[in-house]
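Novice: Take a look at this one; I'll ask things after.
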Amino acid sequence: DARDIFAHTPEMLEFFSTKLGVVYPWPKFAQITVRDYVSGAMENTTAVIFGENEQKHKRELIDNPNDRVVAHEMFHHWFGDYVTTESWPNLTLNEGFANYSEYLWYQHKYGNDEADHHLQTEWEGYFNQASTTVHPLIYFGYKDKEVMFDAHSYNKGGSVLHMLRTYLGDDAFFTALNRYLTKNAGTAVEIHQLRLAFEEVTGEDLNWFFNQWYLSAGHPELTVATSYDASTKEVTLQVTQTQEPNEGVPAIFQLPVNVDVYEGGDKKRHAIFVNQRDQVFRFPAATEPDLINFDGDHALLAIVQQDKTNEALAFQFTHAPKYLDRYEAIDRLVAAESELTPDVLKKALKDPSWVIRNLAIQNLPEETDEETTQALRNIAKGDVHSEVRSAALDHLSSQGDSIVVEIAKKLVETDQAYPVIASALQIINDNDGDEGLVYAQKLEGQNNAAIDAAVGAIYQETGDPKYLPFFQKKLATVDGMEAVSLYESFVTLVGKAGDNEINAAVTTLKTIAKDNRQSLYRRFAATKSIFDLRNSLRSKGTKATNAADKEKFKAKATELTDILIDIKKTESNPELKSVYERIN
């Protein structure tokens, strides 16, 4: 599977070398996957190490390639290895660039929609962390170097580079990166070397940009209000910065932004510079615009609240060019429960972005008209992205479609993507448990977490202990959220078995829960299973009418409580320790 695991390595090496104007500067590039690795991957010069998460079979890589992490570690060979940081506070000069390489690669290989979807997930990661803590990108106040490996150094760092690229344009941006790399090759740098490279290329004083984005904390929070004056034929746009200026967050950010005004089928772009706490801009418009789109590039790392009518949002979906325009339109129209939403969702089923198609399916009403139902059938059978096929299949099932089982059976036999097969298997079982069991037995030999979880759910429903060996075989290999699902099915089935099976299961679960070599998901799933089994036994003890049974269930529940206490004491991972604190 190696050529599928690292499918685009040669192409990436050539792309980054060309884009940066600096040929890959090392004599070789090796990639190694290992077990029990402490981190996701590491950019050792010429020999990248990847954790076992990247070690997938060809079918597991369908719509889930390793491109992101491969690009990230490869780009470090320029930013982090060829030129590196002189101190931990400057870490974003390594990690921010590596994160932004992911955007560059997606844009090159898969197009702007996929790149912007990636940028959206990066923003979400940063804003999630920033909701509880913020610090400057160049952070001299860190208490431990591990603090630097966060959504600031990575997510925000890459997003800031994207803003800089949008502001300066590609020619200046990549010319400056070339100068930064060639001038500082083989040395350790700090943020000012990057700024100086950009200033030398552009002739601009960029202290304002670097001071607020690298040396200050936080991000702007903006309220944008628009209106149209028919008498003066002017659009008024008011931008108010509402972020709280504390802990190093500027009261005023300086923001170069493009505003797109759509009028009579034409788009006119207006470049503005926001540099006040409360600021008003005016633009000429012969008629009332269909849409006023603040930050038409969708490059600004900011929380923006802009007033838009439902009509403007529907117009935005069909006329504004960016993936984030279409995503915002659907998201807000659905939340508004607008009468325009159904028509937009129908259009979105044909959107070029698989994310938009998937979003549309998730927000369709449970009952759809015949045209939409037929569209969903076609999507389930033939959409190019497996996640969209799976979503369409699930929606058809939820609405009780007359031929969804027929479609599911065909997909189990012909589809190559495991998540689609898992959804299809569940649908077959929901319709006919006996038939579902037959299909489950055919699929239990597949080494895939999604399939294992689906098969486990079906076996659990039978209540027959003869299926316990399947679980015993899979417990140590299943991973991710599917591990939680499989373990839940296992412990439910065990609870229906006898004392010997329960004792054997507890021994297995305890061993996994306390084994630091096991993944976090498996350890959590094992601990949760012991917790669930303990609670089940407590409930049985309460309901038992026989005194001996009451005592037996009580004693076993006490034993499991002691095991849980022991697991909590020995667990060293801070995330799991935090979760386990809520287990009593």
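The values are calculated or read from the model by the stated rules, or taken from the named source; none is laboratory data. It should be emphasised that the depicted structure is a prediction, and the values quoted were computed from it without experimental measurement. Quick reminder, even Gly has a Cβ in these numbers, built from the backbone with ideal geometry, and neighbours come from all protein chains shown. Side chains included, ligands, DNA and RNA excluded: accessible areas come from the protein's heavy atoms. Shrake-Rupley method; radii C 1.70, N 1.55, O 1.52, S 1.80 Å.
Novice: Is there a residue in region 1-12 that is in a helix (DSSP H, G or I), open to solvent by less than 50 Å² (accessible area, probe 1.4 Å) and over 28 Å from Asn178 (Cβ atoms)?
Specialist: yes
Novice: Mind telling me which of the residues Gln446, Gln441 ends up being more than 24 Å from Glu52 (Cα to Cα) and of a type in the set (S, T, N, Q)?
Specialist: Only one candidate passes the filter, namely Gln441.
Novice: Restricting attention to region 101-124, report how many residues are in contact with a Phe, Trp or Tyr (Cβ under 8 Å, 6 or more places away or on another chain) and of a type in the set (Ser, Thr, Tyr).
Specialist: Selection size over region 101-124: 1.
Novice: Can you run down the residue pairs with Cβ atoms below 7 Å, 6 or more apart or on separate chains, where the first is in region 177-196 and free of Cβ contacts under 8 Å to residues at least 12 places away in the same chain and the partner is in a loop (DSSP other than H, G, I, E, B)?
Specialist: Qualifying pairs under 7 Å: none.
Novice: Determine which member of the set Ala329, Ala336, Ala320, Ala360 is more than 21 Å from Ile292 (Cα to Cα) and either out of contact with any Pro (no Cβ under 8 Å at 6 or more places or on another chain) or among the aromatic types (Phe, Trp, Tyr) (or both).
Specialist: Ala360
Novice: Being open to solvent by less than 20 Å² (accessible area, probe 1.4 Å), of a type outside the set (A, V, I, L, M) and more than 17 Å from Tyr100 (Cα to Cα) is the filter here, so list the residues in region 47-84 that pass it.
Specialist: Phe50, Gly51
Novice: Which residue pairs have Cβ atoms under 7 Å apart, sit 6 or more places apart or on different chains, and have a first residue in region 425-443 that is closer than 16 Å to Ala453 by Cβ and open to solvent by 60 Å² or more (accessible area, probe 1.4 Å) and a second that is assigned to a helix (DSSP H, G or I) and small (Gly, Ala, Ser)?
Specialist: Sorted first by the residue in region 425-443, then by its partner, the pairs are Asp430/Ser397.
Novice: On to the next question. So which residues in region 14-46 are open to solvent by less than 40 Å² (accessible area, probe 1.4 Å) and not in a loop (DSSP other than H, G, I, E, B), if there are any at all?
Specialist: Of everything in region 14-46, those that are open to solvent by less than 40 Å² (accessible area, probe 1.4 Å) and not in a loop (DSSP other than H, G, I, E, B) turn out to be Phe15, Phe16, Ser17, Leu20, Ala30, Ala41.
Novice: When residues of region 343-356 are filtered for being open to solvent by less than 20 Å² (accessible area, probe 1.4 Å) and not polar (S, T, N, Q), how many remain?
Specialist: Adding up the residues that qualify gives 7.
Novice: Out of all the residues in region 381-398, which are over 20 Å from Ile62 (Cβ atoms) and either among the acidic types (Asp, Glu) or surrounded by fewer than 16 Cβ atoms within 10 Å (Cβ to Cβ) (or both)?
Specialist: Ser398
Novice: For the subset of region 129-144 comprising residues that are in contact with a helix residue (DSSP H, G or I) (Cβ under 6 Å, 6 or more places away or on another chain) and either of a type in the set (Phe, Trp, Tyr) or assigned to a helix (DSSP H, G or I) (or both), which member is nearest to Phe97 (Cα to Cα)?
Specialist: Step by step, filter region 129-144, then rank; the result is Tyr139.
Novice: State which residue is farthest from Tyr103 (Cα to Cα) when the search covers only region 359-371 and only residues that are assigned to a helix (DSSP H, G or I) and open to solvent by 10 Å² or more (accessible area, probe 1.4 Å).
Specialist: The residue in question is Glu370.
Novice: Filter region 2-49 down to the residues that are among the basic types (Lys, Arg) and farther than 25 Å from Tyr110 by Cα and list them by number.
Specialist: Lys28, Arg35
Novice: Something else now. Go through region 399-411 and count every residue that is more than 21 Å from Leu443 (Cα to Cα) and open to solvent by less than 10 Å² (accessible area, probe 1.4 Å).
Specialist: 0
Novice: May I ask you to list the residues in region 128-146 that are open to solvent by 60 Å² or more (accessible area, probe 1.4 Å) and hydrophobic (A, V, I, L, M, F, W, C)?
Specialist: Matches in region 128-146: Phe140 only.
Novice: Looking for something under 25 Å from the mean Cα position of the chain (by Cα), part of a helix (DSSP H, G or I), buried (at least 20 other Cβ atoms within 10 Å of the Cβ) and in contact (Cβ under 8 Å) with a residue 24 or more places away in the chain - is there at least one such residue anywhere in region 331-342?
Specialist: No, because not a single residue in region 331-342 is under 25 Å from the mean Cα position of the chain (by Cα), part of a helix (DSSP H, G or I), buried (at least 20 other Cβ atoms within 10 Å of the Cβ) and in contact (Cβ under 8 Å) with a residue 24 or more places away in the chain.
Novice: Okay, moving on. Given the conditions (1) assigned to a helix (DSSP H, G or I); (2) at pLDDT 95 or above, and given that Glu60 satisfies all but one, which numbered condition is not satisfied?
Specialist: Of (1) assigned to a helix (DSSP H, G or I); (2) at pLDDT 95 or above, only one is false for Glu60: (2).
Novice: Which ones in region 96-128 are part of a helix (DSSP H, G or I), more than 14 Å from the chain's Cα centre (by Cα) and over 15 Å from Ala299 (Cα atoms)?
Specialist: Across region 96-128, the qualifying residues are Gly96, Phe97, Ala98, Ser101, Trp105, Tyr106, His108, Lys109, Tyr110.
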